[in-house]
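I have placed the structure first, in the form of structure tokens, so that the comments after it can refer back to it.
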Amino acid sequence: MKYTFHRKQLAIPYAIFLILFVILPLLVIIFYAFTNDNGQVSFHNFIAFFQSGKTVGTLLYSIVIAVLTTLICLLIAYPTAFLLAKTGMRSGSALLLLFVLPMWINFTLRITALKEILTLIEGNLALHPFANTIICMVYDFLPFMIMPLYNTLTKLDDSYIEAAQDLGAKKSLVFWRVILPLSVPGIVSGVTMVFLPSMTNYVVLDMVYNSTYIMGSLIGSYFSAYDWHNGSVISIILLLIICVITFISNRYAEGEEDSHVNPLKKAEARKG
Amino acid sequence: MLKKCLPWILGLGLSLGLTACGQEGESEVITLRVANWEEYIDEGEWDEEDAYEFSDGTVICPENSIVEDFEEWYYETYGQRVVVEYSTFGTNEELYNQITIGDVYDLVCPSEYMIMKMLREGMLTPYSEAFFDTRKPENYYANGVSPFIAEVYDGLTIDGQKVNQYAAGYMWGTLGLVYNPEEVTAEQASSWKLLLDKDLYRRITVKDSVRDAFFAAASIHFHDEITAREFVNQENYSEALHEYLNRTDQETVDASEEILSAIKRNVYSFETDAGKADMVTGKVVANQQWSGDAVYTMDQAEEDDLELCYSVPEESTNLWFDGWVMLSEGLGEDSRKQQVAEAFVNFVSMPKNVIRNMTYIGYTSVISGGESNLVLEYVEETYGADHEEEEEELVEYDVSYFFGEDKDAVILTTEDQTRRQLYAQYPSQDVVDRSVVMECFDKEGNERMNRMWTNVRCFDLKNWFEILFQ
């Protein structure tokens, strides 16, 4: 028999991986989330989650932590990435390495070190559990924000900036009207890489003595009490949140792309 | 058709052949699958300076681990090769999850409440009658178990089944408070109310476990009742105390939730493992701890010239123990394997192995040694005061409840040891009197308890300002 190679076959390894480790677990989670102990279909766990002030409180708390972490990461990462990518620094990539290097060290190790520094500054870490959580989260996730921003900004065509300047735009106007909109895809992927993990990364909270649960710790506590149903409910809620975020950010990113990246194509599309 | 079936037939034949071989092979080597806590058995390789020498000439300075020594000992004693597949777990829940997911073990060592849960769910095989026969000297467990532990075990039943038929003890201890005497007075540490003490705001840690945290909260809730003189002096004090601290009704759980929420606002953190190190480095000045870990913490602190103490609060303490149980799913009907499992329990209950384990782990064995004086001698060696030192005041410390009345178990020791390692390893009679075994919760109690714990740990909208601006 003659063997013919189809390009489609290249997808087989990933398809197997996808089915075994993404789709099957997801089905198991959905099954547990919508059934009760007797195996009957039930929405009770979902309703209970949103009826309890405590669990909703934890959802809000996780969102507050995630939003703050993401915002601070963005505020630090954007100027940094911009400097590295745009100011013609020769050593840009070497400097980038400095920022990405921490990613290669295990994060519990890094947080342990940071904890000691914070103890030196604050004395008793437990007096500021919330602030410490944010600091450690930012420290942990900053590289994930810098990388995509740096990539987008280096690919940004300088001729756009020059064109804007030629047409008399001030520096600030160039930034707000040209550079920032063009870097939206980088911002979007940075935000998605930081936001959700910071809602669930409860190891950081444990390490900085924050005894309040976030969504991740809630899953852990349900699972260790053999409560697969409620744990799965939390996972589904997180899944829905990421779906919503991805949906919104994709819409936004597409819109931006449409209006700025390729004006010519847009015009063509309109004509057609 | 035949062509299609052929591989299957061949496969079937092959596998049958293999199982036959397997059975044949088994007569040569029996595999015992053991699961135990991490770092909960001596691994050998002692230095010569750590060696113990006893009055009867016994010298303890092992090279190999207990597990390796068991394999060798079993072959020498019974002429049968065994291999121990030794694995470890981190929490009772982890072990239980592993077993329900499908891991198969023959002999495991969970804590008392998990033993009771497993027993209730019919997962355990009882020990054989031969195992409890005290006429046989090789029954080191039955002959060596402390009369005190035997009595506690004897009183434990679940669904009408006696726990002591299914479980052989390994290590035991109390739940108490490690504290730094320079920052915390002995009086403060004499009550679980310490956890609410505003003077120690954010300088105490509590165990991150529902059962341990709840025990402290319930003790605080019932403080006035269970420490009242009439209550303590009543005839059925033990039973009454046991009943109080095993309550899981809604009212008790609600009250505990309130207390635990207040504790959460007052303490440094709920910790799983960091408490020991934080105590030694001085980040916290008191922490809720199991006695064995308390010994470890005090030993570590001593190396840094820091003196820590251990206290068992006046209300009550949770008398806990880890024990060996045999799993029906692992053993099946294999009586030879059961014999190996029972021999393993007997081997770790041999006085010299008890001493090895206690030295390595820092916890207290349930074995007092029976005829042998080795364990008592070891305790005296470790904690007894040097008789030549007369500067310090020496006190008599009575542990005869544990070693039995026929042994002269009064240890002459320095005064500080009655608050430190000796007190943690072998609590005094009054501590034993006010200790209770916290049984496994029933289904409703368990649900209430988990909901309570989630409520305590989740973000409380009422306190949003306080929590966010810290």
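The values are calculated or read from the model by the stated rules, or taken from the named source; none is laboratory data. All values derive from a computational prediction rather than experimental measurement. Note that each Cβ is placed from the backbone with ideal geometry, even for glycine, and that neighbours are counted across all protein chains shown.
Structural remarks
- Single residue of segment B:243-276 satisfying the filter (in a helix (DSSP H, G or I) and in contact with a Lys or Arg (Cβ under 8 Å, 6 or more places away or on another chain)) that is modelled with the lowest pLDDT: B:Gly275
- When each of B:Gly404, B:Gly370 is tested for being more than 14 Å from every other protein chain (Cβ to nearest Cβ) and touching a Pro at 6+ places or on another chain (Cβ under 7 Å), the lone residue that passes is B:Gly404.
- Of all the criteria given as (1) among the acidic types (Asp, Glu); (2) under 21 Å from the mean Cα position of the chain (by Cα); (3) within 23 Å of A:Val204 (Cβ to Cβ), the one not satisfied by B:Asp293 is (3).
- Residue pairs whose Cβ atoms lie under 9 Å apart, separated by 6 or more positions or on different chains, with the first residue in segment B:183-199 and of a type in the set (Lys, Arg) and the second part of a helix (DSSP H, G or I) and buried (at least 16 other Cβ atoms within 10 Å of the Cβ), are B:Lys193/B:Ser219; B:Lys193/B:Ile220; B:Lys193/B:His223; B:Lys198/B:Asn266.
- Meets criteria (of a type in the set (Phe, Trp, Tyr), crowded, with 18+ Cβ neighbours inside 10 Å and within 14 Å of another protein chain (Cβ to nearest Cβ)) for A:Phe130: yes
- The helices (runs of 4 or more DSSP H) located wholly in segment B:170-239 that include 1 or more residues which are crowded, with 23+ Cβ neighbours inside 10 Å and aromatic (Phe, Trp, Tyr) occupy B:210-221.
- In segment B:422-470, the residues that are crowded, with 21+ Cβ neighbours inside 10 Å, in contact with an Asp or Glu (Cβ under 7 Å, 6 or more places away or on another chain) and more than 9 Å from chain A (Cβ to nearest Cβ): B:Met452
- Some residue of segment A:46-59 being within 14 Å of chain B (Cβ to nearest Cβ), over 30 Å from A:Asn151 (Cβ atoms) and within 17 Å of the chain's Cα centre (by Cα): yes
- Candidates B:Glu71, B:Glu85, B:Glu43, filtered to the one that is part of a helix (DSSP H, G or I), of a type in the set (Asp, Glu) and at pLDDT 90 or above: B:Glu71
- Qualifying positions in segment B:147-191 - over 25 Å from B:Glu314 (Cα atoms) and among the small types (Gly, Ala, Ser): B:Gly160, B:Ala167, B:Ala168, B:Gly169
- Residue match in segment A:37-44 (condition: away from every other protein chain (no Cβ under 14 Å), among the hydrophobic types (A, V, I, L, M, F, W, C), touching a strand residue (DSSP E or B) at 6+ places or on another chain (Cβ under 7 Å) and exposed (fewer than 14 other Cβ atoms within 10 Å of the Cβ)): yes
- Checking every residue in segment A:45-55 against the condition of being without any contact (Cβ under 8 Å) to a residue 12 or more places away in the chain, surrounded by 11 or more Cβ atoms within 10 Å (Cβ to Cβ) and basic (Lys, Arg) gives at least one match.
- Test set (1) within 14 Å of chain B (Cβ to nearest Cβ); (2) within 30 Å of B:Met279 (Cα to Cα) - A:Ile234 fails condition number: (2)
- Restricted to segment A:86-180, the set of helices (runs of 4 or more DSSP H) holding at least 3 residues that are over 21 Å from A:Ala66 (Cα atoms) and among the charged types (D, E, K, R) comprises A:158-166.
- Filter pass, B:Asp106 being closer than 25 Å to B:Tyr363 by Cα, modelled with pLDDT of 90 or more and not basic (Lys, Arg): yes
- Residues considered: A:Leu59, A:Leu84, A:Leu75. Of these, the only one that is buried (at least 18 other Cβ atoms within 10 Å of the Cβ) and over 29 Å from A:Ile219 (Cβ atoms) is A:Leu84.
- Filter result for A:Ser211 (free of Cβ contacts under 8 Å to residues at least 24 places away in the same chain and touching an Asp or Glu at 6+ places or on another chain (Cβ under 9 Å)): no
- Of A:Thr152, A:Thr200, A:Thr192, A:Thr212, all but one fail to be crowded, with 17+ Cβ neighbours inside 10 Å, within 14 Å of chain B (Cβ to nearest Cβ) and among the hydroxyl-bearing types (Ser, Thr, Tyr); the exception is A:Thr212.
- If only residues of segment B:270-283 that are buried (at least 20 other Cβ atoms within 10 Å of the Cβ) and within 16 Å of B:Arg211 (Cα to Cα) are counted, the one that is nearest to the other protein chains (Cβ to nearest Cβ) is B:Phe270.
- Filter result for the condition that a residue is at pLDDT 85 or above and among the charged types (D, E, K, R), over B:Asp386, B:Asp416: B:Asp416
- Applying a threshold of 7 Å to beta carbon distances and a minimum spacing of six or more residues, or different chains, the list of pairs starting in segment B:436-452 at a residue that is acidic (Asp, Glu) and ending at one that is in a loop (DSSP other than H, G, I, E, B) reads B:Glu439/B:Asn246.
- B:Glu342 of a type outside the set (Val, Ile, Thr) and either in the same structural domain as B:Arg202 (by TED's automatic domain parsing) or at pLDDT below 95 (or both): no
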